[in-house]
Amino acid sequence: MITSKKILVCVTGGIAVYKAVALVSKLTQAGAEVKVMMTPSAMEFVTPLSFQAMSRNDVYYDTFDEKNSQVIAHIDLADWADLVLVAPATANTIAKLANGIADNMVTTTLLATKADVWIAPAMNVHMYDHPAVKRNIEQLSKDGYSFIEPSEGFLACGYVGKGRLEEPEKIVQLVETHFSPKELPLKGKKVVVTAGPTREKLDPVRFLTNFSSGKMGYAMAEAASKLGAETILISGPVAIKAPQNVKLVNVESTEDMFLAVLNHFETASIVVKTAAVADYKAKEIHPQKMKKKEGEVTIALEKTTDILSELGKRKTSQILVGFAAETNDVVHYAKGKLKKKNADYIIANDVTEEGSGFGTETNAVTLVGKNDIDIHFPQTSKKELALQLFRMIIELEKDETL
Ligand code: CTP
């Protein structure tokens, strides 16, 4: 899987340099083309010759030693790499990179490359725990760098703790997964996901709504996009950030949501109605702020449009997926909704279960579908659950429209 992938291994100065020799050897054996760059301190531990033998390539360590007059080596290597591994990465190199310092060939090349850079720290456990190191790692994570966390165990300094360079076999495995072809079963398909609550105005300053956080819907949108779909996320007001690569359409009322869904319905392959839509709206929205009065107040409510039912009436080849929050007889009620709304699947969750439902990071659900299907998905993160649900629906639909 990594045959002919170009990997630049930047070796910085710590005792774990000896493990970087094994890493380079294993990457080369796996078929990658590997070039090695060293900092001056790395060369105090192991000479470039070891890396040259393992990579079967020249080793680079001097910014001013230009071996080929046709190119500038650090820029050439920065452009050449498909992936840059900084292994081991010392606290010093991490600090320099976090601050944009380019004072040796490794740090200069790291600033020049557009390739993905993975940093594998290795240091004493207290150094790894130091607030400055933590701050620098956090900064680099924000800047888009990935980290291969050090493992725990005996450290060369005598301590036992977190700080060992991750094992070369494990790093090679991560590299292989990174380059393996991604499974994109929804490529070329359009998926519409609704999420969050809707808001129904009572007057210019008040509205009816519910506790939906939008987390499950946003996870569904992220999963659809990860599986290759063009994803439209139609969202009521929530406090979370939209996933990358999805088209976000913000709405407030049920009516807005209905119109936004209809805009995309005809060309959609799958519509997932995760939103906790308000079932009722005020019969009349007061144009001015309602003033306090003596005694009781009654607000007349009327039903909102049931978006899922309306889509159920209009659907042609679209796969319609609804959600249902239940407190008892989950499968029974979900089957009722499936039929009543002419949906293909209802994802039902028991909101009385701990770790399920509104606002939580996790969820456990039952997928109820046509042909009397009911499949339980045990509690896991909403993001993971969303992927499992899409994969299951794709599997169940593989002989039909998908
Ligand atoms: N739904 C909708 N439009 C509405 C109400 C609900 O599209 N006006 C959708 C939701 O997005 C969800 C499913 O229908 O996919 C939920 O069904 P619903 O019957 O509204 O569930 P509950 O509100 O839980 O119903 P009940 O109170 O009857 O149990």
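The values are calculated or read from the model by the stated rules, or taken from the named source; none is laboratory data. Remember, predicted model here, so these are calculated numbers, not experimental data. In this analysis, Cβ positions are derived from the backbone assuming ideal geometry, glycine residues included, and neighbour counts consider all displayed protein chains. When the accessible area is computed, the model is the full protein with side chains, heavy atoms only, and any ligands, DNA or RNA have been set aside. Shrake-Rupley method; radii C 1.70, N 1.55, O 1.52, S 1.80 Å.
The single condition from (1) more than 15 Å from the chain's Cα centre (by Cα); (2) at pLDDT 95 or above that Phe211 fails is (2). Quick check on Ala195: is it surrounded by 13 or more Cβ atoms within 10 Å (Cβ to Cβ), farther than 30 Å from Ala300 by Cα and in contact (Cβ under 8 Å) with a residue 24 or more places away in the chain? No, not satisfied.
Residues that are in contact (Cβ under 8 Å) with a residue 24 or more places away in the chain and open to solvent by 30 Å² or more (accessible area, probe 1.4 Å) within the range 243-255 comprise Glu252, Glu255, listed in sequence order. Of the residues in the range 87-96, how many are buried (at least 22 other Cβ atoms within 10 Å of the Cβ) and of a type in the set (A, V, I, L, M, F, W, C)? Going through the range 87-96 one residue at a time, the tally reaches 3. When the range 171-193 is filtered for residues that are assigned to a helix (DSSP H, G or I) and β-branched (Val, Ile, Thr), the ones remaining, listed by number, are Ile171, Val172, Val175, Thr177. Of the strands (runs of 3 or more DSSP E) lying entirely inside the range 97-170, those carrying at least 3 residues that are open to solvent by 20 Å² or more (accessible area, probe 1.4 Å) are 151-154, 160-164. Of all the criteria given as (1) surrounded by fewer than 20 Cβ atoms within 10 Å (Cβ to Cβ); (2) touching a strand residue (DSSP E or B) at 6+ places or on another chain (Cβ under 8 Å); (3) part of a helix (DSSP H, G or I), the one not satisfied by Val261 is (1). Considering the range 235-260, and only residues there that are within 15 Å of Ala224 (Cβ to Cβ) and aliphatic (A, V, I, L, M), the residue that is nearest to the ligand (Cβ to nearest atom) turns out to be Val249. The one condition from (1) assigned by TED's automatic domain parsing to the domain that holds Ala112; (2) open to solvent by 10 Å² or more (accessible area, probe 1.4 Å); (3) under 15 Å from Ile171 (Cα atoms) that Ala53 does not meet is (3).
Any residue in the range 216-234 that is in the same structural domain as Glu310 (by TED's automatic domain parsing), open to solvent by 70 Å² or more (accessible area, probe 1.4 Å) and either within 14 Å of the ligand (Cβ to nearest atom) or touching a residue at least 60 places away in the same chain (Cβ under 8 Å) (or both)? Checked against the condition, which is being in the same structural domain as Glu310 (by TED's automatic domain parsing), open to solvent by 70 Å² or more (accessible area, probe 1.4 Å) and either within 14 Å of the ligand (Cβ to nearest atom) or touching a residue at least 60 places away in the same chain (Cβ under 8 Å) (or both), the range 216-234 yields at least one hit. Within the range 338-377, the residues that satisfy the criterion of being under 23 Å from the mean Cα position of the chain (by Cα) and in a loop (DSSP other than H, G, I, E, B) are Gly355, Ser356, Gly357, Phe358, Gly359, Thr360, Glu361. Of all the listed residues (Val321, Val365), the sole one being surrounded by 14 or more Cβ atoms within 10 Å (Cβ to Cβ) and either small (Gly, Ala, Ser) or closer than 27 Å to Lys281 by Cα (or both) is Val321. Of all residues in the range 319-337, how many are assigned to a loop (DSSP other than H, G, I, E, B) and over 21 Å from Pro197 (Cβ atoms)? Looking only at that region, the number is 2. For the range 306-318, the candidate set comprises residues that are within 11 Å of the ligand (Cβ to nearest atom) and part of a helix (DSSP H, G or I); within that set, the residue that is surrounded by the most Cβ atoms within 10 Å (Cβ to Cβ) is Ile307. When the range 268-305 is filtered for residues that are assigned to a loop (DSSP other than H, G, I, E, B), within 16 Å of the ligand (Cβ to nearest atom) and surrounded by 14 or more Cβ atoms within 10 Å (Cβ to Cβ), the ones remaining, listed by number, are Ala268, Thr274, Ala275, Val277, Ala278, Asp279, Thr304, Thr305.
Tell me, which residue of the range 326-347 that is open to solvent by 60 Å² or more (accessible area, probe 1.4 Å) and not charged (D, E, K, R) is nearest to the ligand (Cβ to nearest atom)? This residue is Tyr333.
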